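Please treat every number below as a calculation from the coordinates, not as lab data. Worth saying up front: this structure is predicted, and the values here are computed from it rather than measured. Cβ atoms come from the backbone with ideal geometry, glycine included; neighbour counts cover every protein chain shown.
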Amino acid sequence: MMRRKYPFGTYPGSVLVHNEHRFRSTLLNKLIVGRDYMLLANKSFTDTEASKQTLPKEIPISIKDEGLVHTLPGIYYVISTDGKLLDWNKKLEEVSGYSSEEISTLLFSDLFEDRYQPSIDSHITNVITEGAAEMRLPLLGKNNEGRQCLFSSKEIIIDGQACIKGLALHIPDQKRSKDARLLDKYKQMNAELKGRVKEQTSQLEKANKEIASFSYSVSHDLRAPLRAILGYSTLLLDDHADNLNGEGVEFLEILKNESERLGELIDGLLFFSRMNRKEKELITCSMKEVIEMALKEIEPVHNSENYTLNIGDMPEIKMDPKLIKQVWISLIENAIIYKKADEKVAIDIQAEARGDKMVFSISDTGMGFDERYYKKIFGVFERLHHTSGIQGIGLGLALVQRIVVRHNGTVWVDSETGTGSTFYFSLPKKIV
């Protein structure tokens, strides 16, 4: 039986044909290039007879066959190892927009942006050393428009010289369009998220201002009736104590003491509200001078025999000195108030540069506390020690944290019960 011979060429759904065999394929996916041949290889066969055949790894096809070269699905190119274009097909002219005459004056690297030169050099080196290589780069046309391509290259020998032959297949715009749509969607979602965050932040700031204003108003309005309660209870004790039995006098004393305590709480809340509402006035000044200003307010209130104080070298830094002075007043008073009974507390103040921040610390040898209560101590009106005779309303450390945060800093503490505490706060070297 005579076999039908097929002419040398290409067929729909087929690989390139050699001699008598026609291989039909459902998937053309690989370019095989050699010294004197080029073919597309397939993964699967649908023709039963063809599937019994062995697909040749190399099919000799002359690279000079103009008709074949120009029917290839991608850009065919032959270049020298120094990047000169030796041969190409019409697909390169179509994609790049350059004429054949213009291409003849170009180097292979002229078809790409300058920033891809290292990638091109690496690709050529890999082809020479490994025999074959691939790269993905946008091919730059005459109109400076990039077209993403997959370059598959292999080493060949022409007239005794090593050269590179390959095919560049365009990566479909569909994928890039999908990526662009995803990027646009991401940008839109990001913009919407930023808008919502900005709106919610604005609402939160407004709510905080309203709460602060409400707290200030309520605290201020409570002072008048409280003064009346305190005044009349004092008059009763001073002028009419003889008309009361012992229990009545005791009740009046409790009423007076609790009224005084409530007055302190209201004064503290008013002070806290004023500090939150006060605008920062940033200037560069010496931290040591600010600490000394704080000590002038502390010394008349606290007996200097109850503590010793050491101040290390302090830097000049940009801050609101009035607000930071209140930080030092609260921290130093906290160390003095929570000293061990019948013992003089040693207080040490230091400063240390850490990156773009200055970290200030104040250590004491006082009572200390269990670090389980770390978060609690910075709350408003929070006190860990309710021992009789210890002053304070539990507002100082909350004030410290609020002021430091307003300076874009942070506050933290190390403490151990019975050993003492070290409070730290950081301030940026440059406050915006």
Task: Additional length obtainable on full extension of the chain from N257 to I158, 0.36 nm per residue less Cα span - done: 25.0 nm
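Among W412, W328, which comes first, second and so on when ranked by fewest other beta-carbon atoms within 10 Å? Write down the numbers at each step before the final one.
Working: W412 13, W328 23.
Fewest-to-most Cβ neighbours within 10 Å comes out as W412, W328.
Give, in nm to one decimal, the length gained when the segment between L237 and K280 is fully stretched (0.36 nm per residue of separation minus the Cα-Cα distance). Walk me through the intermediate numbers first.
Numbers: separation 43, 0.36 × 43 = 15.48 nm, distance 4.55 nm.
Residue separation times 0.36 nm, minus the Cα-Cα distance, leaves 10.9 nm.
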TODO: Write down the radius of gyration of segment 279-428 and its Dmax, each obtained from C-alpha positions, in Å.
DONE: 14.6, 43
TODO: Give K142/K185; K91/K165; K322/K429; K322/K376; K296/K357; K296/K429 a once-over and call out the pairs whose C-alpha atoms are over 23 Å from each other.
DONE: K142/K185; K322/K376; K296/K357; K296/K429
Open item on the list: Within a 10 angstrom radius of the beta carbon, how do T105, T365, T125 rank from fewest other beta carbons to most?
Closed with: T105, T125, T365
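When N counts the residues of segment 66-171, how does its alpha-carbon radius of gyration compare numerically with 2.2 N^0.38 Å, as a ratio? The partial results should precede the final answer.
On the way: Rg = 12.7 Å, N = 106, 2.2 N^0.38 = 12.9 Å.
Relative to the rule-of-thumb radius for its length, segment 66-171 sits at 0.98.
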Task: For segment 279-428, with +1 on Lys and Arg beta carbons and -1 on Asp and Glu, the positive-most of S304, S330, M314 along the dipole - done: S330
Task: Per-residue Cβ neighbour rank within 10 angstrom, fewest leading, D320, D239, D348 - done: D239, D348, D320
